[in-house]
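S.K.: There's a structure below that I have some questions on.
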Ligand code: GLU
């Protein structure tokens, strides 16, 4: 009798052990590049709230923007013409945890390479050179970050570099932190603050949507964008860097940059590469 129970239980125990071992492996030690080749797919974390970089087109139910197009071009470069790019929505705040948990293979979402973030993840070579700026209502008395004195209020997005950037550049202003760029712009338009601070490209994307809002004061920080990849994924990181060099060399990158930023008034597309 006991033998029969054992005979039944042993395979179950084996199966459970195998499943549990598999679960652990999927996050910590799986090789992204091997996995991408096997599935013919790369899973990218992109913004869906950021005009020009990653914005949900509700009619088409597709996310569109510069980051999305670069991710598609890199995917084809890495996996070949049949390679698939899959997109998962991230915000400034959720992108790092989603990458660390293994939900996405890489982040391509207006993300600045900083020494602090480099402690947690690896970054590709720079793929877009942005700079910190301000968006204000036309005619506002705020002309640059120097005008953000005591009694003024500025909106920043959670998980972005601008909590710190503003603290350094305008320590006396009040800061309103919001969850994403859609909410941030809505709050500015409803008069909840005097300015919104983030990267110039993102702010130009907002000013195109509503001409009553303008980018002012030039840039007060450098924000070089990189593609974030988990540590311990050097083969994938190197492959992404080679693919990036290739699309910069063969004109694909220039075409994408021109498509999204060529017609943006006040933005020099030659300076981003
Ligand atoms: N580039 C800045 C950052 O990585 C701001 C843009 C964003 O929030 O994604 O934090």
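The values are calculated or read from the model by the stated rules, or taken from the named source; none is laboratory data. Treat the numbers as computed from the prediction; the structure is a model and nothing was measured. We place every Cβ from the backbone using ideal geometry, glycine too, and count neighbours over all the protein chains shown.
S.K.: Quick one: would you say residue 89 is within 16 Å of the ligand (Cβ to nearest atom), surrounded by fewer than 19 Cβ atoms within 10 Å (Cβ to Cβ) and assigned to a strand (DSSP E or B)?
M.R.: The answer is yes for residue 89.
Okay, residues lined up against (1) surrounded by 12 or more Cβ atoms within 10 Å (Cβ to Cβ); (2) closer than 26 Å to residue 33 by Cβ; (3) in contact with a strand residue (DSSP E or B) (Cβ under 9 Å, 6 or more places away or on another chain):
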| residue | (1), (2), (3) |
| --- | --- |
| 233 | yes, yes, yes |
| 238 | yes, yes, no |
| 257 | yes, no, yes |
| 268 | no, no, no |
| 273 | yes, yes, yes |
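S.K.: Among the numbered conditions (1) at pLDDT 95 or above; (2) part of a helix (DSSP H, G or I); (3) under 23 Å from the mean Cα position of the chain (by Cα), tell me where residue 34 comes up short.
M.R.: All conditions are met except number (3).
S.K.: Related question: Just one of (1) modelled with pLDDT of 95 or more; (2) surrounded by 11 or more Cβ atoms within 10 Å (Cβ to Cβ); (3) over 13 Å from the mean Cα position of the chain (by Cα) trips up residue 52, so point out which.
M.R.: Of the numbered conditions (1) modelled with pLDDT of 95 or more; (2) surrounded by 11 or more Cβ atoms within 10 Å (Cβ to Cβ); (3) over 13 Å from the mean Cα position of the chain (by Cα), the odd one out for residue 52 is (3).
S.K.: Out of 197, 160, I need the residue that is within 21 Å of residue 113 (Cβ to Cβ), assigned to a strand (DSSP E or B) and within 15 Å of the ligand (Cβ to nearest atom). Which one?
M.R.: None of the others qualify; the one that does is 197.
S.K.: Follow-up. Taking region 247-270 as the region of interest, how many residues are part of a loop (DSSP other than H, G, I, E, B) and closer than 12 Å to residue 77 by Cβ?
M.R.: Residues flagged as part of a loop (DSSP other than H, G, I, E, B) and closer than 12 Å to residue 77 by Cβ within region 247-270 amount to 1.
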